[in-house]
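The values are calculated or read from the model by the stated rules, or taken from the named source; none is laboratory data. Everything numeric in this text was worked out from a predicted model, so none of it was measured. Counting neighbours? That spans all protein chains shown, and the Cβs are built from the backbone with ideal geometry, glycine included. These area figures cover heavy atoms from the full protein model, side chains too; ligands, DNA and RNA do not enter into them. Shrake-Rupley method; radii C 1.70, N 1.55, O 1.52, S 1.80 Å.
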Amino acid sequence: MIFVFYDQFVVLCRKNNIMPSRVALLNGISKTSVTRWKNGATPNAKILNTLAEYFGVTVDYLVGSSSEKLKS
(Lines give C-alpha, C1' and ligand atoms only; values in the text may rest on other atoms or scores of the structure.)
Protein backbone atom coordinates (compact mmCIF):
# COMPACT_ATOMS: atom_id res chain seq x y z
CA MET A 1 0.00 0.00 0.00
CA ILE A 2 1.28 3.47 -0.86
CA PHE A 3 0.80 6.34 1.56
CA VAL A 4 1.33 9.32 -0.72
CA PHE A 5 0.63 12.03 1.86
CA TYR A 6 3.09 10.67 4.41
CA ASP A 7 5.75 10.12 1.76
CA GLN A 8 5.39 13.70 0.51
CA PHE A 9 5.40 14.99 4.08
CA VAL A 10 8.64 13.15 4.93
CA VAL A 11 10.34 14.32 1.72
CA LEU A 12 9.43 17.93 2.52
CA CYS A 13 10.69 17.52 6.07
CA ARG A 14 14.00 16.13 4.84
CA LYS A 15 14.39 18.92 2.29
CA ASN A 16 13.85 21.42 5.09
CA ASN A 17 16.13 19.52 7.50
CA ILE A 18 13.44 19.11 10.16
CA MET A 19 11.95 16.06 11.85
CA PRO A 20 8.29 15.26 11.05
CA SER A 21 7.35 15.34 14.74
CA ARG A 22 8.93 18.81 15.07
CA VAL A 23 6.89 20.11 12.12
CA ALA A 24 3.77 18.75 13.78
CA LEU A 25 4.55 20.40 17.11
CA LEU A 26 5.42 23.74 15.48
CA ASN A 27 2.00 23.68 13.83
CA GLY A 28 -0.04 22.66 16.88
CA ILE A 29 -0.44 19.07 15.74
CA SER A 30 0.18 16.13 18.07
CA LYS A 31 3.15 13.83 17.54
CA THR A 32 0.73 10.90 17.61
CA SER A 33 -0.85 12.28 14.44
CA VAL A 34 2.45 11.73 12.65
CA THR A 35 2.37 8.09 13.71
CA ARG A 36 -1.19 7.74 12.41
CA TRP A 37 -0.11 9.29 9.08
CA LYS A 38 2.79 6.86 8.87
CA ASN A 39 0.26 4.05 9.28
CA GLY A 40 -1.88 5.35 6.41
CA ALA A 41 -4.22 7.96 7.86
CA THR A 42 -4.68 11.22 5.98
CA PRO A 43 -5.02 14.47 7.93
CA ASN A 44 -8.21 16.49 7.79
CA ALA A 45 -8.49 19.51 5.48
CA LYS A 46 -7.50 22.02 8.17
CA ILE A 47 -4.26 20.19 8.93
CA LEU A 48 -3.51 19.68 5.24
CA ASN A 49 -3.91 23.42 4.68
CA THR A 50 -1.71 24.20 7.68
CA LEU A 51 1.07 21.89 6.48
CA ALA A 52 0.83 23.09 2.88
CA GLU A 53 1.17 26.66 4.10
CA TYR A 54 4.10 25.73 6.33
CA PHE A 55 6.00 24.13 3.44
CA GLY A 56 4.83 26.63 0.81
CA VAL A 57 3.26 23.98 -1.39
CA THR A 58 -0.23 23.23 -2.61
CA VAL A 59 -2.49 20.78 -0.79
CA ASP A 60 -2.76 18.85 -4.07
CA TYR A 61 1.02 18.42 -4.11
CA LEU A 62 1.01 17.36 -0.47
CA VAL A 63 -1.53 14.58 -1.10
CA GLY A 64 0.03 13.54 -4.41
CA SER A 65 -2.76 14.79 -6.68
CA SER A 66 -0.50 17.19 -8.55
CA SER A 67 3.13 17.52 -9.44
CA GLU A 68 2.77 21.32 -9.18
CA LYS A 69 4.65 22.00 -5.98
CA LEU A 70 4.58 25.75 -5.54
CA LYS A 71 1.59 27.81 -4.58
CA SER A 72 0.53 30.37 -7.18
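Looking at the chain, how many pairs of lysines come closer than 21 Å at the Cα, when each pair is eight or more places apart or spans two chains? Don't jump to the answer; show the numbers that get you there.
Working: Lys15/Lys31; Lys15/Lys38; Lys15/Lys69; Lys15/Lys71; Lys31/Lys46; Lys38/Lys46; Lys46/Lys69; Lys46/Lys71.
Lysine pairs meeting both conditions in the chain amount to 8.
In percent, what relative contact order does the chain have, based on Cα pairs under 8 Å that are 6 or more apart in sequence?
On the way: 57 pairs, mean separation 22.6, N = 72.
It comes to 31 percent, rounded to a whole number.
Once neighbouring chains are kept in place and the probe is 1.4 Å, which whole percent of the accessible area of the chain is contributed by carbon and sulfur?
Of all accessible area on the chain, carbon and sulfur atoms account for 51 percent.
Between Asn17 and Ile47, take the C-beta separation as r, use R0 = 22 Å, and let me know the FRET efficiency to the nearest 0.05.
In this case the efficiency is close to 0.50.
Modelling each spin label as a point 7 Å along the Cα-to-Cβ direction, I'd like the Thr35/Tyr54 distance in nm, to one decimal.
If labels sit at Thr35 and Tyr54, their model points lie 1.8 nm apart.
So what is log10(I(q)/I(0)) for segment 1-46 at q = 0.15, 0.20, 0.33 1/Å, when the Debye sum runs over its Cα atoms only?
Those come out to -0.34, -0.61, -1.33, one per q.
As a test of the formula, what do you get for the chain when each DSSP H run with n ≥ 4 contributes -39,500 (n - 2.57) and the sum is divided by the residue count, at 222 nm and rounded to the nearest 500 deg cm²/dmol?
After summing the helix terms and dividing by residue count, I get -16000 deg cm²/dmol.
³J(HN,Hα) across segment 36-42 via Karplus (A = 6.51, B = -1.76, C = 1.60, θ = phi - 60°), whole Hz, x for Gly/Pro?
4, 5, 4, 8, x, 6, 10
Which far-off residues, 5 or more places away or on another chain, put their amide H under 5 Å from the one on Val57, with H placed in the peptide plane?
Excluding prolines and chain starts, which carry no amide H, there are no hits.
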